[in-house]
Amino acid sequence: MTIGRSEVREWPIANAGVRMTSASPHRELIRVGVVGLSASGGWAATAHVPALAGLDGYELRALSASSAESARAAGEKYAVPLAFASAEELARSEEVDLVVVTVKVPHHLELIRPALEAGKMVFSEWPLGADLAQAEELADLAHRRGVLTAVGLQARSAPPLRYLRDLVAEGYVGRVLSTSMLGSGWIGGATYDDNYAYVLDATSGATLLSIPFGHSVDALTMVLGEFREVSALVENLRPEVTNVTSGAVAAKSAEDQIAVTGVLESGAVAAMHFRGGTSRATAFHWEINGTEGDLVVKADRAQWWYGGTQLYGARGEEGALTELPVPARYQRSLTQWTGRSAEPACSVAHEYALLRDQVIGSLAPDEDGVPDFRHAVRRHAMLERVREAARAGRKVTLAEQGA
């Protein structure tokens, strides 16, 4: 496949050494290469391709898949100019500035490493690695190479969560006394399909603790601050599960019940309970209770961090909760996503917008960027401490390991 070569030059941006392109003298573009974009669908097709479509500052330039044939099919389906048979080839391409890794967690280490070694910016889906050691290895390599990184904890970029954080910071509930979060895990239920057989294995890195709980606790700490100490129960109450197609019974070593209680650095008390599978009663419910008021976040699906959350609040003399619409200023001018907050690509698009603004140095002075690999290591370390608390049956202080 032959294509024209874009003009390449160094731009005076916030992260020195990042190579960017310009398709015209008036527009800067970050050329994106997606590892794991398939013609048969998947998370890259569901979230990343729509998120990048029409988003100023990006060009979906390349992809790689598990074979030359599958890469070619995906390139034709999504009109991507460059199709590579391996992540290594994609990483070496001078036509790619940002490598986006969207494959299953067990393969992250082997597919992210070549991009970092090539000095490319990397956006990895969460979890960063199958365990803390892998996350630390990737973060260390990124630091040595001096490259910008991002991890797909997209709830932090979603307008409702940023608004919620500001409401708390501005004193909507007064002093936070407690917070309670109840969620269904989606994975960890009584059945599984072939595409998700790998999540039955506790060592895969894709578990109820790392994915649904990990996304959710990261959002909680973004809004309310980190945990100071935790106690935990992590249990596997369904050691055998059934394949939805064949009816075959398989062993499951991954957890399906997580209950964590603790104290935040602010002194507020926190309780989180995540259950495997789905619930007919509650998909997701999060309360924040304070001296002056209450805030509630609700969602109708287990993967609430994809989007579609609703905020409610009441304070002072108000006797009942009312919905709190998110102000337009939190949309970051992404008008194409107005009214589409329930789509999985919406929060991902906002993360890409934040990353772009971080790259070109246009973030507001008081605005934080996207979570990077160092942040991912801190979150991995926290999850390890939760497991330790569950194994030991005692309270664990997170500060002991800097989590």
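Sorting the segments 223-234, 69-80 by their mean number of nearby beta carbons within 10 angstrom, highest to lowest, gives 223-234, 69-80. Pull out a ≥ b ≥ c, the square roots of the eigenvalues of the alpha-carbon gyration tensor of segment 284-403, then state rounded if a/c is under 1.5, prolate if not and a/b is larger than b/c, and oblate in the remaining case. Oblate, because a/c is 1.5 or more while a/b does not exceed b/c. Over segment 217-303, the reciprocal of the mean inverse Cα-Cα separation, the Kirkwood hydrodynamic radius, stands at 15.3 Å. Spin-label pair Asn243-Asp194: with each label point 7 Å from Cα along the Cα-Cβ axis, the two points sit 0.8 nm from one another. Once all protein chains are placed together, His107 keeps about 80 Å² accessible to a 1.4 angstrom probe. For segment 329-379, the fraction of C-alpha pairs more than 17 angstrom apart is 43%. Straight-distance candidates among the lysines for linking to Lys120, with alpha-carbon spacing under 26 Å and chain neighbours fewer than 8 residues away dropped: Lys77, Lys104. Normalised by the number of residues in segment 218-297, the average gap of Cα pairs under 8 Å and 6 or more apart makes the relative contact order 24 percent. Its Cα centre serving as origin, the chain has a Cβ charge dipole (Lys and Arg +1, Asp and Glu -1) of approximately 160 debye. Calculated FRET efficiency, Thr46 to Glu317, Cβ-Cβ distance, R0 = 30 Å: about 0.10 to the nearest 0.05.
Any idea what the relative contact order of the chain is, in percent, if you count C-alpha pairs under 8 Å spaced at least 6 apart? Value for the chain: 17 percent.
Projected onto their three principal axes, the Cα atoms of the chain cover extents of 62, 52, 40 Å, largest first.
Kyte-Doolittle mean at least -1.0 and Cα extent at least 27 Å along the axis: which DSSP H helices of the chain qualify?
Once both thresholds are applied, what remains is 373-392.
Surface composition of the chain: carbon and sulfur make up 48 percent of the accessible area, probe 1.4 Å. A 1.4 Å probe run over the protein chains yields, for the chain, 43 Å² of accessible area per residue, whole-number rounding.
Net length available on complete extension from Ala392 to Ser253 is 48.2 nm, with 0.36 nm assigned per residue and the Cα-Cα distance removed.
Sort the following peptides by mean Cβ neighbour count (other Cβ atoms within 10 Å, averaged over residues), highest first: 119-129, 351-361, 90-100. It would help to have the intermediate numbers written out before the result.
Values: 119-129: 24.9, 351-361: 20.9, 90-100: 22.5.
Ranking, from highest mean packing down: 119-129, 90-100, 351-361.
Placing pseudo-labels 7 Å out from each Cα toward the beta carbon at Glu110 and Arg329 gives an inter-label distance of 4.9 nm. How about segment 250-298: which GluC sites (Glu not before Pro) there lie in a loop by DSSP and see at most 15 other Cβ atoms within 10 Å? Loop-located and lightly packed - Glu265, Glu292.
In the chain, helices alone account for a calculated mean residue ellipticity at 222 nm of -8000 deg cm²/dmol, with every DSSP H run of four or more residues adding -39,500 (n - 2.57). Taking 0.36 nm per residue of separation and subtracting the current Cα-Cα distance, fully stretching the chain between Asp140 and Ala68 would add 22.8 nm.
The values are calculated or read from the model by the stated rules, or taken from the named source; none is laboratory data. All figures in this text were calculated on a predicted structure; none of them were measured in a lab. When we count neighbours, we look across all protein chains shown, and the Cβ atoms used for this are built from the backbone with ideal geometry, even at glycine. Surface areas here come from the heavy atoms of the whole protein model, side chains and all, with no ligands, DNA or RNA. Shrake-Rupley method; radii C 1.70, N 1.55, O 1.52, S 1.80 Å.
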